[in-house]
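Q: This is the structure I have questions about; it appears just below.
A short reminder: the numbers here are calculations on the coordinates, not readings from a lab. Remember, predicted model here, so these are calculated numbers, not experimental data. No Cβ is skipped: glycine too gets one built from the backbone with ideal geometry, and neighbour counts run over all protein chains shown.
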Amino acid sequence: MTPAPTSRIDHIAITAPTLASGASWVEQVLGVAPQLGGEHTRMGTHNVLLRLGDDIYLEVIAVNPAVAPPGRPRWFELDALRADSKPRVRTWIARTTDIHAAMAGAGEELGTITEMQRGDLRWLITIPDDGKPLLGGVAPALIEWKAGAHPATRLQDHGLRLEQLELFHPRPHRVMALLDAIGLDGRVQVLRSPDGEGSSLVAQIDTPRGLRTLSVAT
C-alpha cells in the first residue's frame, strides 16, 4: 500500500513591484535585510531571501526588469502588480518528497508540475497556467527539491523563526481539506476571512526584537 503524502511549510512568498521595495519593507518590519538569492530565467523573476529556520525561509520575489518577458504568465501573479502596489505575503509553498503523489491526491487543481532551476538549485514546483495562486494564495504551491542541502541552510541565521502562518479564506473548510489531503505537518492555522469574502495571509515571525507580523505593507 502506497503511504499517504506528507508535506511541510517550505517557504513564504512576498511579492512586490520591485525587489528593492519588497526587501525594504521586510527589513523595516523584521529588522534584518534579506540576502541576495538569484534569478529565475524561465519566469523572468529574481529574489532575495531570509532564513526562518533550519528548513524554512522567506522569499521576496519580483519581476526582473533586466531580462525579457518569459512569454507566459509569471508565477505569483506578478504581472498584475502596478508600480504603486504594496509588498504583501502573497502565497506559500509546501515541500513534499513526492510531488506527483501529493498533487494527485490534493483534490484541487494546483497547476502544472514544472522543472525549475536557480544557480545549482533544482526543483519541481506546481505553477498555475494563468499565474494566479490558488484560492487567493492561501492554497500552497507544491515543491519537491532535488538532492542536496535545503536552500535555508545556505542562508545566514539571524535568529528569525516562523511562529505561525495564518490563512484567511471565506471557505476555510475547503482550505483545510486541501491541507489534510497533502498531509501538511506544520505551523498553519486556517481561519474564516473577517469580511467573509477576501483571502489573505499573515506570517507571525519570532525575531530577536520580539514577535513581528508580515501581511501587507501599509
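Q: Can you give the charge dipole size of the chain about its Cα centre, rounded to the nearest 20 debye, using +1 on the beta carbon of Lys and Arg and -1 on the beta carbon of Asp and Glu?
A: 300 debye
Q: Could you order peptides 134-143, 188-197 by the average number of other Cβ atoms within 10 Å of their residues, highest first?
A: Answer by packing, highest mean first, reads 134-143, 188-197.
Q: If the only charges are +1 at each Lys and Arg Cβ and -1 at each Asp and Glu Cβ, what is the size of the charge dipole of region 117-218 around the Cα centre, to the nearest 20 debye?
A: For this selection, approximately 200 debye.
Q: Next question. Taking Cα centroids, how far is region 23-57 from region 123-187 in Å?
A: 15 Å
Q: Report the extension gain between ASP180 and LEU36 in nm, rounded to one decimal, defined as 0.36 nm multiplied by the number of residues separating them, less their alpha carbon distance.
A: Full-extension gain reported as 48.4 nm.
Q: Mind giving me the nanometre distance, one decimal, between the label points for ALA149 and GLN164, set 7 Å out from Cα along Cα→Cβ?
A: Result for the modelled spin labels: 3.3 nm.
Q: Taking Cα atoms of the chain, Rg/Rh with Kirkwood Rh, to two decimals?
A: Result: Rg/Rh = 0.93.
Q: As an exercise, use a Förster radius of 25 Å and the Cβ-Cβ distance of VAL67 and THR218 to find the FRET efficiency, rounded to the nearest 0.05.
A: That pair, VAL67 with THR218, gives E of 0.20.
Q: Computed FRET efficiency, Cβ-Cβ of HIS173 and LEU211, R0 25 Å: what is it to the nearest 0.05?
A: The value I calculate is 0.35.
Q: Once the Cβ-Cβ distance between ILE113 and ASP84 is put in as r, and R0 is 35 Å, what FRET efficiency do you end up with, to the nearest 0.05?
A: Taking R0 as 35 Å, the efficiency between ILE113 and ASP84 is 0.55.
Q: Can you classify region 87-142 as rounded, prolate or oblate using the Cα gyration tensor, where a ≥ b ≥ c are the square roots of its eigenvalues, rounded means a/c under 1.5, and otherwise it's prolate if a/b beats b/c and oblate if not?
A: Note, shape of region 87-142 comes out oblate.
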